[in-house]
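To start, the structure under review is shown below, and the notes come after it.
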Amino acid sequence: MPTFIDAQDNAFPTQAAPTRTVLYVEDHPVNVLVMQALFAKRPELKLVVALDGGEALTLASEERPELLLLDLCLPDCHGADLLQRLRQMAHLRDVPAVAVTAETVTDLTAQGFREIWHKPMDMRSTLMRLDWILAQPEIERMHAAASASATWANPQRAAHRQAPAPIPFPTSQVADAPLDVLTEAA
């Protein structure tokens, strides 16, 4: 006999609520739509959009993003100047920042950007870069946890650790054997 599941039994799991926030500062509506389409592929991420630098400063303090995506040509400031102002907020000092621009710049690391994403963006490569950048803090936390729990990282435990056993070397029989015997065995 078939079993029927009531809709209230959650037979179909719903998508989880976004757990990480990304701030995108962009004044052009089409570019905002493109980025929203990209983020629709990552429902675990919440995309917060600011249309200018002033709004970005307000949203950054309210939303506490884990990634900053900044257009360089904003109506009220340049993206690099905005990044310097955002870095003055304690919770944003180490948050990765990406310049999203149509400008022909090749290096903005001196201004504090980790990467440059050039417009128009390729969806597949942009999603791969997005995933990679957001994975970095998790990878760093995993390495830190592993280091903290390792015996060699704990000086008190390391003091009680015994030296490893020596590596066994060939016995005297092999060392004393004539060269022609060793060659034939090989």
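Please treat every number below as a calculation from the coordinates, not as lab data. Just so you know, these numbers come straight off a predicted model, no measurement behind them.
Sorted from longest to shortest, the spans of the Cα atoms of segment 16-146 along the three principal axes equal 44, 31, 30 Å. Annotation: amide H of residue 69 within the under-5 Å range of 23, 24, 25, 98, sequence separation 5 or more or interchain, hydrogens built in the peptide plane.
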